[in-house]
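Shown next, in structure tokens, is the structure this report addresses.
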Amino acid sequence: MRKTVDSIKTQTFRDFEVWIIDGNSSEETQEYLSKLEAPFFYQSKIDKGIYDAMNTGISFSKGEWLYFLGAGDLLENENILKLVSNKLNLNLDILFGNIRYDTIKFTSKFSSLLWIKNTLHHQSVFYNKKLFSEINYEISYKVLADYDFNLNLYCKNIKAEKMDAIISNCDKEGISKDYKWSLYREELKLKNARSNSVFHPLFFLLVAFKFIFRKI
């Protein structure tokens, strides 16, 4: 978490607030959080998982745009928020760029490819807060609620714009990198919930293939 906070502290753009939602972790972490000064704020309490914490952060936020980083994720450089701020427009619903894991770049896409896999990493996306006025992250999904949210936005045909920049360097140890069947079960559930039943057998075959491919 410290390196994540440090990557925010170095930003040349300063017109933001940061809510750190801590799941009642160690005394050492809470002591560190208590010493942070504005624009950093925190809450530490037991929650129902990552997306419950993200929903809490949304409820506390006062800004017009929201961005989510996990503990261990880093903003790409000290000027990235300044670059993004020059492109934000309230007529947009989302503005997104790319991410990387160490030296490997991942290009984000907001397209029909979302039906195949999550091509829009939440660490690459700035969300207009108005999107959360009616829906939040579905906390019944423990790993893929961000995927579900992004697919929902795609189905609603929202206004999205891509910027050619790497937004963040993501932690390789995130929970979505634990390729258990429970992950693929969530993927199947969210796709079925947002599609016609005619496509459900196809989604099952796709998810089963991805699971088997990861195991061999």
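Remarks
- LYS191 being over 21 Å from GLY70 (Cα atoms), at pLDDT 95 or above and outside any helix (DSSP H, G or I): no
- Residue match in segment 31-49 (condition: of a type in the set (A, V, I, L, M, F, W, C), open to solvent by less than 40 Å² (accessible area, probe 1.4 Å) and touching a residue at least 60 places away in the same chain (Cβ under 8 Å)): no
- Annotation: of all residues in segment 166-179 being more than 19 Å from ILE139 (Cβ to Cβ) and exposed (fewer than 14 other Cβ atoms within 10 Å of the Cβ), the one that is modelled with the lowest pLDDT is LYS177.
- For segment 50-77, a residue qualifies if it is of a type in the set (Ser, Thr, Tyr) and either open to solvent by less than 40 Å² (accessible area, probe 1.4 Å) or free of Cβ contacts under 8 Å to residues at least 60 places away in the same chain (or both), and the qualifying residues are TYR51, THR56, SER59, SER61.
- Flag if LYS129 is open to solvent by 80 Å² or more (accessible area, probe 1.4 Å) and either of a type in the set (Lys, Arg) or touching a Pro at 6+ places or on another chain (Cβ under 8 Å) (or both): no
- Scanning segment 78-106 for residues that are under 14 Å from GLU161 (Cβ atoms), open to solvent by less than 30 Å² (accessible area, probe 1.4 Å) and out of contact with any Phe, Trp or Tyr (no Cβ under 7 Å at 6 or more places or on another chain) yields LEU92, ASP93, GLY97.
- The set of residues in segment 10-22 being surrounded by 14 or more Cβ atoms within 10 Å (Cβ to Cβ) and within 24 Å of ILE50 (Cβ to Cβ) consists of GLN11, PHE16, VAL18, TRP19, ILE20, ILE21, ASP22.
- Tabulated pairs, segment 14-27, first without any contact (Cβ under 8 Å) to a residue 24 or more places away in the chain, second part of a loop (DSSP other than H, G, I, E, B) and loosely packed, with under 11 Cβ neighbours inside 10 Å, C-beta under 6 angstrom, 6+ apart or interchain: ASN24/LYS45; ASN24/ILE46
- Filter result for LYS109 (within 18 Å of the chain's Cα centre (by Cα) and surrounded by fewer than 18 Cβ atoms within 10 Å (Cβ to Cβ)): yes
The values are calculated or read from the model by the stated rules, or taken from the named source; none is laboratory data. Worth saying up front: this structure is predicted, and the values here are computed from it rather than measured. Backbone-built Cβ (ideal geometry, glycine too); neighbour counts: all protein chains shown. Remember, those area values only see protein heavy atoms, side chains included, never the ligands or the DNA or RNA. Shrake-Rupley method; radii C 1.70, N 1.55, O 1.52, S 1.80 Å.
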